[in-house]
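K.L.:
Have a look at this one before I ask anything.
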Amino acid sequence: MVNSRLQVAPEVAEALANGRPVVALESTIVAHGMPYPENLETAHMLEQTIRDGGAIPATIAVINGKLQIGCDEAMLRALATEEGVLKVSRRDLPMALASGKTGATTVSATLIGADLAGIRVFVTGGIGGVHRGVAETWDVSADIPELGRARVAVVSAGAKSILDIPKTLEALETAGVTVLGYGTDTFPAFFVPSSGLPVPYRVDSPKEVADAMAAKWSLGLGGGILVGNPIPEELAADAVTVHNATEAALESAKSHGIGGKDLTPFLLKSISHATGGDSLAANRALVAHNATVGAAIALAFSQVD
Ligand code: PSU
Ligand code: MN
């Protein structure tokens, strides 16, 4: 791939050239989604989990004016520890690249990098979506239109209840995103296994996801597939505690006038504080679970394709 703004790590480039399974990871979860040192530990753990599953991990970020596909240890550490790391969605990419600053990619910008590099599976925690109070704020994450555009299957534990989940599902349909429940009939709600809302389709194996990916893209349909993988029941956070922390976080954001790109990181931090680290433990457990499933899907897709 010849693109002067794309920098693909040698190990990732080699795997892609040989049709071996590769799994993309986002970097906003490292820079803005968790505190140090848990963020760096989680980044390492996710990469290892993907390797154990037989795939090559590729953490995506903006480094030295390039969209980096596959971060090395120094880059991961910079993302996890540096002050002022940018939070980069599609609209921020031009200035992040041109400035030469370090940037953490959200789901949207990670999707752009994965698609450009030819990585078809991406593991994250939770996606962005339609925020509560959208009628006043018009706050809809750039993750939604990007999921409608990039040819990538995203494995997530659904969406947090900091969002309006019914409206998020409607927006996903409008964007043409194929939403699958992985071993479930309901859309997962991040810390808890279920939002109570039905998913359009249920699948029960990596092969079923791989077949859907192949079918979608063989037809020439662009756009992604969202695999909703519920957190295992025994690792889930206490629903009432999370609910109360979420309500308090939303109240606090309102009273502090927090909005735009600062809103999601603010809410994540507030919930983590309010639940005394319980939510952080659940967060790590669910992304690890997503990494296991993501590697299996990448493996299945490498055999279908
Ligand atoms: N939701 C989570 N954890 C996260 C994010 C969302 O449960 O870390 C991050 C992801 O990087 C996602 C971004 O793409 O927040 C969405 O931000 P916004 O709402 O500003 O679009
Ligand atoms: Mn927003």
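K.L.:
Against the definition (open to solvent by 30 Å² or more (accessible area, probe 1.4 Å) and more than 16 Å from ligand 1 (Cβ to nearest atom)), how does Gly70 come out, yes or no? Even if it seems obvious, please write down each step before you answer.
P.N.:
Working: open to solvent by 30 Å² or more (accessible area, probe 1.4 Å): no; more than 16 Å from ligand 1 (Cβ to nearest atom): yes.
For Gly70, the condition - open to solvent by 30 Å² or more (accessible area, probe 1.4 Å) and more than 16 Å from ligand 1 (Cβ to nearest atom) - is not met.
K.L.:
Okay, next question. Out of Pro94, Pro21, report the one residue that is buried (at least 23 other Cβ atoms within 10 Å of the Cβ) and closer than 23 Å to Leu147 by Cα. Before you say what the answer is, go through the steps one by one.
P.N.:
On the way: Pro94 fails: buried (at least 23 other Cβ atoms within 10 Å of the Cβ).
Only one candidate qualifies: Pro21.
K.L.:
Mind checking which residues of segment 33-51 are within 16 Å of ligand 1 (Cβ to nearest atom) and either assigned to a helix (DSSP H, G or I) or open to solvent by 40 Å² or more (accessible area, probe 1.4 Å) (or both)? Give the derivation first.
P.N.:
Step one: list which residues in segment 33-51 are within 16 Å of ligand 1 (Cβ to nearest atom), which gives 33-36, 38-43, 45-46.
Pro35, Tyr36, Glu38, Asn39, Leu40, Glu41, Thr42, Ala43, Met45, Leu46 - these are the residues of segment 33-51 that are within 16 Å of ligand 1 (Cβ to nearest atom) and either assigned to a helix (DSSP H, G or I) or open to solvent by 40 Å² or more (accessible area, probe 1.4 Å) (or both).
K.L.:
Condition check: more than 13 Å from ligand 2 (Cβ to nearest atom), of a type in the set (Gly, Ala, Ser) and free of Cβ contacts under 8 Å to residues at least 12 places away in the same chain. Does Ala104 satisfy that?
P.N.:
Spelling it out, it is not the case that Ala104 is more than 13 Å from ligand 2 (Cβ to nearest atom), of a type in the set (Gly, Ala, Ser) and free of Cβ contacts under 8 Å to residues at least 12 places away in the same chain.
K.L.:
Thr137: among the hydroxyl-bearing types (Ser, Thr, Tyr), closer than 29 Å to Glu47 by Cα and surrounded by fewer than 19 Cβ atoms within 10 Å (Cβ to Cβ), yes or no?
P.N.:
So Thr137 does not fit the description; no.
K.L.:
Could you tell me whether Val203 is more than 27 Å from Arg90 (Cβ to Cβ), more than 16 Å from the chain's Cα centre (by Cα), open to solvent by less than 40 Å² (accessible area, probe 1.4 Å) and not polar (S, T, N, Q)? Show your work before the answer.
P.N.:
Working: more than 27 Å from Arg90 (Cβ to Cβ): yes; more than 16 Å from the chain's Cα centre (by Cα): yes; open to solvent by less than 40 Å² (accessible area, probe 1.4 Å): yes; not polar (S, T, N, Q): yes.
Spelling it out, Val203 is indeed more than 27 Å from Arg90 (Cβ to Cβ), more than 16 Å from the chain's Cα centre (by Cα), open to solvent by less than 40 Å² (accessible area, probe 1.4 Å) and not polar (S, T, N, Q).
Per-residue answers, yes or no, for (1) modelled with pLDDT under 95; (2) open to solvent by less than 10 Å² (accessible area, probe 1.4 Å); (3) in a helix (DSSP H, G or I); (4) out of contact with any His (no Cβ under 8 Å at 6 or more places or on another chain):
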| site | (1), (2), (3), (4) |
| --- | --- |
| Val227 | no, yes, no, yes |
| Ala237 | yes, no, no, yes |
| Asn244 | no, no, yes, yes |
| Leu250 | no, no, yes, yes |
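K.L.:
Still on this structure, I have one more. Taking segment 61-84 only, how many residues are more than 18 Å from the chain's Cα centre (by Cα) and either part of a strand (DSSP E or B) or among the aliphatic types (A, V, I, L, M) (or both)? Show your work before the answer.
P.N.:
Of segment 61-84, the ones more than 18 Å from the chain's Cα centre (by Cα) are 63-66, 72-75, 77-78, 81-84.
Those still in the list that are either part of a strand (DSSP E or B) or among the aliphatic types (A, V, I, L, M) (or both) too: 63, 66, 74-75, 78.
Final tally of qualifying residues: 5.
K.L.:
Looking only at segment 182-207, filter to residues that are in contact with a strand residue (DSSP E or B) (Cβ under 8 Å, 6 or more places away or on another chain) and outside any loop (DSSP other than H, G, I, E, B); which one of those is nearest to Asp238 (Cα to Cα)?
P.N.:
Ala189
K.L.:
Please work out which one of (1) closer than 17 Å to Ala282 by Cβ; (2) open to solvent by less than 10 Å² (accessible area, probe 1.4 Å) is the condition Leu172 fails and give its number.
P.N.:
(1)
K.L.:
May I ask you to list the residues in segment 253-272 that are in a helix (DSSP H, G or I) and surrounded by 15 or more Cβ atoms within 10 Å (Cβ to Cβ)? It would help to see each step written out before you state the result.
P.N.:
Filtering segment 253-272 for residues in a helix (DSSP H, G or I) gives 253-255, 260-272.
The answer is Ala253, Lys261, Leu263, Thr264, Pro265, Phe266, Leu267, Leu268, Lys269, Ser270, Ile271, Ser272.
Condition check ((1) of a type in the set (D, E, K, R); (2) in contact with a Leu (Cβ under 8 Å, 6 or more places away or on another chain); (3) away from ligand 2 (no atom under 16 Å from the Cβ)) across all residues:
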position: Val177; (1), (2), (3): no, yes, yes
position: Leu180; (1), (2), (3): no, yes, yes
position: Thr184; (1), (2), (3): no, no, yes
position: Pro188; (1), (2), (3): no, no, yes
position: Gly196; (1), (2), (3): no, no, yes
position: Val199; (1), (2), (3): no, yes, yes
position: Lys207; (1), (2), (3): yes, no, yes
position: Asp211; (1), (2), (3): yes, no, yes
position: Ala215; (1), (2), (3): no, no, yes
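K.L.:
Right, something else. What number goes with the only condition from (1) open to solvent by 10 Å² or more (accessible area, probe 1.4 Å); (2) under 20 Å from Gly294 (Cα atoms) that Arg5 does not pass?
P.N.:
(2)
The values are calculated or read from the model by the stated rules, or taken from the named source; none is laboratory data. Treat the numbers as computed from the prediction; the structure is a model and nothing was measured. Ideal geometry is used to build each Cβ from the backbone, glycine not excepted, and the neighbour counts take in all protein chains shown. SASA here: full protein model, heavy atoms, side chains in, ligands and nucleic acids out. Shrake-Rupley method; radii C 1.70, N 1.55, O 1.52, S 1.80 Å.
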